Amino acid sequence: MSADTRPAVPAALPLTERQEARRRRILHATARLACRGGFDAVQMREVAEAAGVALGTLYRYFPSKVHLLVATMQDQLEHLHATLRERPPAADSAAERVAETLMRAFRALQRDPHLADAMVRALTFADRSVSPEVDRVSRQTTAIILDATGLEDPTPEQLSAVRVIEHTWHSALITWLSGRASIAQVRIDIETVCRLIDLTDPGRDRRSG
């Protein structure tokens, strides 16, 4: 078995307090390295040294660099979600609140473009073995969007709209990071797709009628 395909700690096993602290050190070390030099700067041996863990221990938690960076993105989104809950968007419509939320998330990633690029590249490179970590990123993004909508019981159509919004946001990140879209264009795309939330509101027809 190669070093890049060593088995990870089973996801079903709850971590002890000490293991969770070690995992957090690993994620923080990964983020620091990525901030300095992007995807290529995150090397497993350097991460292990920066986190103060053995290389074998690192591989037991994260079997590859892609697993590690996708988990780092989920961790960054968790922190962002906590911040957004402390200062939720104040716009009147659900569409405006979601757009404001996603632009705040975008600006947070914009502050560390090397880190953002590393995490998004990892998502792009992720294969089936990284599906659990990718799913957690998707669920976290969905939770952020749903919190912004204020919907307590979203309809299937609204959940579908949320998925389209999530895909558009990730696509906007990729096009911005690759230099193919400006911040202004990203905002236009985000505001446009977020209108789906209001368009799928089941009470919209009754109010307009």
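The values are calculated or read from the model by the stated rules, or taken from the named source; none is laboratory data. Here the structure is a predicted model, which is why all the values come from computation and not from measurement. Neighbour counts are summed over all protein chains in view; Cβ atoms, including those assigned to glycine, are modelled from backbone coordinates with ideal geometry. Areas reflect the complete protein model, heavy atoms only, side chains present, ligands, DNA and RNA absent. Shrake-Rupley method; radii C 1.70, N 1.55, O 1.52, S 1.80 Å.
Out of all the residues in the range 119-130, is one or more of a type in the set (V, I, T), part of a helix (DSSP H, G or I) and either under 18 Å from R97 (Cβ atoms) or open to solvent by less than 70 Å² (accessible area, probe 1.4 Å) (or both)?
yes
Let's see how each residue does on (1) charged (D, E, K, R); (2) more than 10 Å from the chain's Cα centre (by Cα):
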| position | (1), (2) |
| --- | --- |
| E100 | yes, yes |
| P113 | no, yes |
| A118 | no, yes |
| S138 | no, no |
| T149 | no, yes |
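Kindly indicate which of V53, V98 is assigned to a loop (DSSP other than H, G, I, E, B), buried (at least 18 other Cβ atoms within 10 Å of the Cβ) and hydrophobic (A, V, I, L, M, F, W, C).
Criteria check complete, one pass: V53.
Of the conditions (1) part of a helix (DSSP H, G or I); (2) of a type outside the set (D, E); (3) at pLDDT below 95; (4) more than 23 Å from I188 (Cβ to Cβ), P88 fails just one. Which one is it?
(1)
Within the range 162-186, track down each residue that is in a helix (DSSP H, G or I) and more than 18 Å from the chain's Cα centre (by Cα).
I183, A184, Q185
Just a yes or no: is a residue in the range 188-208 assigned to a loop (DSSP other than H, G, I, E, B), open to solvent by 50 Å² or more (accessible area, probe 1.4 Å) and without any contact (Cβ under 8 Å) to a residue 60 or more places away in the chain?
yes
I'd like the residue in the range 156-180 that is among the polar types (S, T, N, Q) and open to solvent by 30 Å² or more (accessible area, probe 1.4 Å) and, out of all such residues, is farthest from F39 (Cα to Cα).
S160
Against the conditions (1) touching a residue at least 24 places away in the same chain (Cβ under 8 Å); (2) open to solvent by 50 Å² or more (accessible area, probe 1.4 Å); (3) in a helix (DSSP H, G or I), where does Q140 fall short? Just the number, please.
The single condition Q140 does not satisfy is (2).
Report yes if P63 is surrounded by fewer than 18 Cβ atoms within 10 Å (Cβ to Cβ), assigned to a loop (DSSP other than H, G, I, E, B) and touching a residue at least 24 places away in the same chain (Cβ under 8 Å), otherwise no.
No.
Which residue, of E86, E46, E78, is in contact (Cβ under 8 Å) with a residue 40 or more places away in the chain, acidic (D, E) and open to solvent by 40 Å² or more (accessible area, probe 1.4 Å)?
Result: E78 is the single residue among E86, E46, E78 that is in contact (Cβ under 8 Å) with a residue 40 or more places away in the chain, acidic (D, E) and open to solvent by 40 Å² or more (accessible area, probe 1.4 Å).
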